[in-house]
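To keep things clear, I will list the structure first and then write my remarks on it.
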Amino acid sequence: MDTQTLLTSDLIQGLQTIRDYRSKQGRRYPLWVMLLVSILGVMSGAQGYQALEDFGIRHYQTLCEYLGISLKRLPSDSTLRRMFQSVNMSELTGWFNSWAQAQFAATAGEGFAVDAKSLSSTLTGHKESVQNFVGVVSVYSHQHRVTIAQSDFQNKSESEIGVVQQLLNTLNISNVTFTFDALHCQKNTAASSESGQSLCCNG
């Protein structure tokens with residue numbers, strides 16, 4: 001999905017439904033604008049808050065005209081950082097999963113890769129026997145070349161295996177193939193899939 005198609009979909013309407021937990025005092029930017037700028041920036045290769053601010057500076061005029069908004073400038077890196085610290089990520093992730101699956105409907109025979117990655121700079125408990133970090137499980141569509149579902153978890157309090165099984169239970173798709181790391185060769189993982197789905201574990 002290119003940027004123009006993305007902006008003409010129901011993405012903006014969906015982002016406007018995300019609850020804003022920031023204090024109203026001093027709120028300069030609508031939450032949906034900051035989320036949209038972040039999404040477009042990442043799609044353009046931005047990595048980090050400063051890169052997202054630079055993206056907003058470069059495309060300020062075009063975005064304001066296209067979105068019909070009037071702002072003196074787009075959010076700075078520190079504003080975006082504070083926004084992501086306050087937003088309800090579970091609510092945002094739930095909305096994204098519903099939106100992505102509606103936009104990229106699965107077809108019979110399609111293949112999906114399920115994998116988990118740890119987020120950079122989230123490692124804590126360096127001297128403890130069991131360290132903690134934030135991980136994200138993603139379900140990737142090979143046909144559409146996009147992620148259609150994801151879920152985050154704390155490594156110290158949640159099992160990646162359990163998170164994958166819960167995520168599979170939320171997917172309303174059948175007659176497709178899932179591939180996993182060998183870690184997920186579990187009976188319960190197979191039971192989490194719908195009938196007609198194939199599971200393949202990579203060693």
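Side notes on the structure shown:
- Qualifying residues in segment 59-98 (those that are open to solvent by 80 Å² or more (accessible area, probe 1.4 Å) and in contact with a Phe, Trp or Tyr (Cβ under 7 Å, 6 or more places away or on another chain)) - the one nearest to Arg19 (Cα to Cα): Arg81
Residues are listed down the side, and each one gets a yes or a no for (1) in contact with a Ser or Thr (Cβ under 6 Å, 6 or more places away or on another chain); (2) farther than 20 Å from Leu92 by Cβ; (3) in a loop (DSSP other than H, G, I, E, B); (4) open to solvent by less than 40 Å² (accessible area, probe 1.4 Å):
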residue: Gln143; (1), (2), (3), (4): no, yes, yes, no
residue: Ser151; (1), (2), (3), (4): no, no, no, yes
residue: Ser174; (1), (2), (3), (4): no, yes, yes, no
residue: Phe178; (1), (2), (3), (4): no, yes, no, yes
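- If the condition is being farther than 19 Å from Gln85 by Cα and either modelled with pLDDT under 80 or open to solvent by 50 Å² or more (accessible area, probe 1.4 Å) (or both), then segment 113-134 contributes Asp115, Lys117, Gly125, His126, Lys127, Glu128, Ser129, Val130, Gln131.
- Qualifying residue in segment 88-100 (condition: assigned to a loop (DSSP other than H, G, I, E, B) and either out of contact with any His (no Cβ under 9 Å at 6 or more places or on another chain) or modelled with pLDDT under 85 (or both)): yes
- Residue list for segment 21-49, filter: assigned to a helix (DSSP H, G or I), in contact with a Ser or Thr (Cβ under 9 Å, 6 or more places away or on another chain), open to solvent by 30 Å² or more (accessible area, probe 1.4 Å) and of a type outside the set (Ser, Thr, Tyr): Trp32, Met43
- All positions within segment 83-97 that are over 11 Å from the mean Cα position of the chain (by Cα) and more than 14 Å from Trp32 (Cα to Cα): Gln85
- Close Cβ contacts (under 6 Å, 6 or more residues apart or on different chains) running from residues in segment 81-103 that are within 14 Å of Asp10 (Cα to Cα) to residues that are not in a helix (DSSP H, G or I) comprise Asn97/Ala149; Ala100/Ile148; Gln101/Ile148.
The values are calculated or read from the model by the stated rules, or taken from the named source; none is laboratory data. Note that the structure is predicted; figures quoted are calculated from it, not measured. Heads up, the Cβs are rebuilt from the backbone with ideal geometry, glycines too, and the neighbour counts pull from every protein chain shown. Only protein heavy atoms, including side chains, enter the accessible area calculation; ligands, DNA and RNA are left aside. Shrake-Rupley method; radii C 1.70, N 1.55, O 1.52, S 1.80 Å.
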